1. If I filter segment 174-183 for residues that are over 16 Å from the mean Cα position of the chain (by Cα) and among the charged types (D, E, K, R), do I get at least one hit?
2. Would you point out which residue out of SER491, SER505, SER518 is out of contact with any Lys or Arg (no Cβ under 8 Å at 6 or more places or on another chain), touching a residue at least 60 places away in the same chain (Cβ under 8 Å) and not aliphatic (A, V, I, L, M)?
3. Consider TYR362 carefully, then state whether it is over 23 Å from the mean Cα position of the chain (by Cα), buried (at least 20 other Cβ atoms within 10 Å of the Cβ) and at pLDDT below 95.
4. Can you tell me which residue is surrounded by the fewest Cβ atoms within 10 Å (Cβ to Cβ) among those in segment 442-479 that are of a type in the set (S, T, N, Q) and not in a helix (DSSP H, G or I)?
5. Would you confirm, using the coordinates I've provided, whether GLY427 is in contact with a strand residue (DSSP E or B) (Cβ under 6 Å, 6 or more places away or on another chain), part of a loop (DSSP other than H, G, I, E, B) and crowded, with 19+ Cβ neighbours inside 10 Å?
6. What are the residue pairs meeting all of these: first residue in segment 358-374, first residue closer than 20 Å to PHE387 by Cβ, second residue in a helix (DSSP H, G or I), Cβ atoms under 7 Å, and 6 or more apart or on different chains?
7. Quick check on this structure: which one of ASN179, ASN169 is touching a residue at least 40 places away in the same chain (Cβ under 8 Å), within 22 Å of CYS403 (Cβ to Cβ) and either among the acidic types (Asp, Glu) or out of contact with any Cys (no Cβ under 8 Å at 6 or more places or on another chain) (or both)?
8. Among the residues of segment 161-170, are any in contact with a Ser or Thr (Cβ under 9 Å, 6 or more places away or on another chain), of a type in the set (Phe, Trp, Tyr) and modelled with pLDDT of 95 or more?
Amino acid sequence: MGTPVVRVKEGLLRGATAETITGAPYIFFKGIPYAAPPVGKLRFAEPSPPQPWTGLRDALEHGPSCPQHDLHNVPVVGCNEDCLYLNVATTSLKGSRPVMVFIHGGAFIGGHANFEVFGPDYLMETGVVFVSMNYRVGVLGFLQLNDPVVPGNMGLKDQLAALKWVKENISQFGGDPGNITIFGASAGGASVHYQVLSPLSKGLFHKAIAQSGTALDHWTSVPDTAEALRRYMAAFGKETSDPREIVEFLRSIPAEELVRVQHDIVSPEDRRWLQYPFLPSIDDKSEKPFMPKSPKELVLEGTDVPLMLGYTSHEGILFVIGLQNTLSTMFDKNSKLRLPDGLVANDHPKRNAVGDEMMKFYFGDKPITEESVQNWIQACGDISFVFGALKVAEIQQKKMVPCYLYKLSFDAEKSFGKFIFKSSYTGTAHGDDHPYLFYMKITGDYLRYKPGSQEQIVSDRMIRMWTDFAKTGNPTPRIDDLIKVEWLPVSRTTKHYLLIDAELSAGVNPDEKVVKLSHRISEILNTE
């Protein structure tokens, strides 16, 4: 294929060729700058355009990960703030093929876009162009001063800048700027939903896939930005409410220290519910607000682009295994169920009533013992992912654009959840969709599927449905031996969905009892 070279708006890029795990050739360009390095005076600023360069720039290595703590509390990683880079994989620089832009997860405090985790191998065999991006996370991406000096949501605006770059340049990589699909999982899924809802993103993409994450999930926004900021500044021993003083002070602190202190001020209870201090928030003090109103208000307007969204059957394994949200931490000193503040505020007068309702639903009249852990897994997953996804689908029932809802319940003997969490629990965990869509080199041979295995068939089906949706807006445009059922979008009268198990099956009204519980909780919170 020779040495691939493309001309983007900023200059010439040199890529390289590679082979997928099945031996198919493709071209990649890694570490492409889509914005200026957010360092110095640009720390906490909205992204600026990248600087042009002269000569031929190598695009052979991933850009640095943005400064972060990972979810397992290891020391600060990725301390290079110059991290706003994206990667492209394509089979040819000619033609005009559908584009799929991936937004990584990581609870808005971590994650990266590298091919070692999100390898494009499977997607390269379907005729799409793949893009992945880094964006600022934690305090560097989501500091909120409620002032034009730092109005918040820099991380979401990084994603926006990457999408603008893709729109302007992707034709040079054989991509169609008129057919772009954004997709992501966990915080990436929530980011996709935020991009769908933001007035600033209109026209930059044409379809969206939100996996295990929406803007309605309790962990995807911060209830009280002022309180989060107060605690953060107090940890540095700095007392000031002047936004300019705050930003000048924080720009004088090394990035590693900013991230370490951010981690230190999070209580164990908040960490167990992914309630971090710096998350997406209303940024109405910005000259161009990304989120002019709360997610709950914006979501009522619905989306005007085709949407696919869903969740796994046992999302809550993440909380019980990954975040140590165990039975011993379930209750406060008054034996009341602990709930995340993002679901119901700590000082809300109906907090205990909501907890009692949930206790009755998940545990009934039975005593809570270690054998109740599966109930707790279900409760954590529903609270944190399922409530939001089903509410979004409900809102989209009133809209004209198609919305496809799914539930992934295939419980593989070897899965991403079992690899990352060392979990022995049955059920499809948070993140178990990843290895069906990406070649995850970091797992070695553990998640290399044998041809003809059930895991490989599930992967083939998901790849086909995801890419067919990206190509046509319909995940099942043809029925054959691989895809044997039609996946219908939700309608005004029926909440259609697809159950993805060892076989595919079409159904209606998934987890209807959970929907009713969610409605009851809303009623409790909204009654005098």
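The values are calculated or read from the model by the stated rules, or taken from the named source; none is laboratory data. Model, not experiment: these values are computed from the prediction. Cβ sites come from the backbone with ideal geometry, for glycine too, and all protein chains shown count toward neighbours.
1. We begin by selecting, within segment 174-183, every residue over 16 Å from the mean Cα position of the chain (by Cα); these are 174-180.
The next check asks that each one be among the charged types (D, E, K, R); those that pass are 176.
Scanning segment 174-183 turns up at least one residue that is over 16 Å from the mean Cα position of the chain (by Cα) and among the charged types (D, E, K, R).
2. Details: SER505 fails: touching a residue at least 60 places away in the same chain (Cβ under 8 Å); SER518 fails: out of contact with any Lys or Arg (no Cβ under 8 Å at 6 or more places or on another chain).
None of the other options fit; the residue is SER491.
3. Details: over 23 Å from the mean Cα position of the chain (by Cα): yes; buried (at least 20 other Cβ atoms within 10 Å of the Cβ): yes; at pLDDT below 95: yes.
Taking the combined requirement at face value, the residue satisfies it.
4. SER453
5. yes
6. Close Cβ pairs (under 7 Å, with a partner that is in a helix (DSSP H, G or I)) amount to MET358/ALA379; PHE361/LEU517; TYR362/ASN375; TYR362/GLN378; TYR362/ALA379; PHE363/SER372; PHE363/ASN375.
7. Values: ASN169 fails: within 22 Å of CYS403 (Cβ to Cβ).
It is ASN179.
8. no
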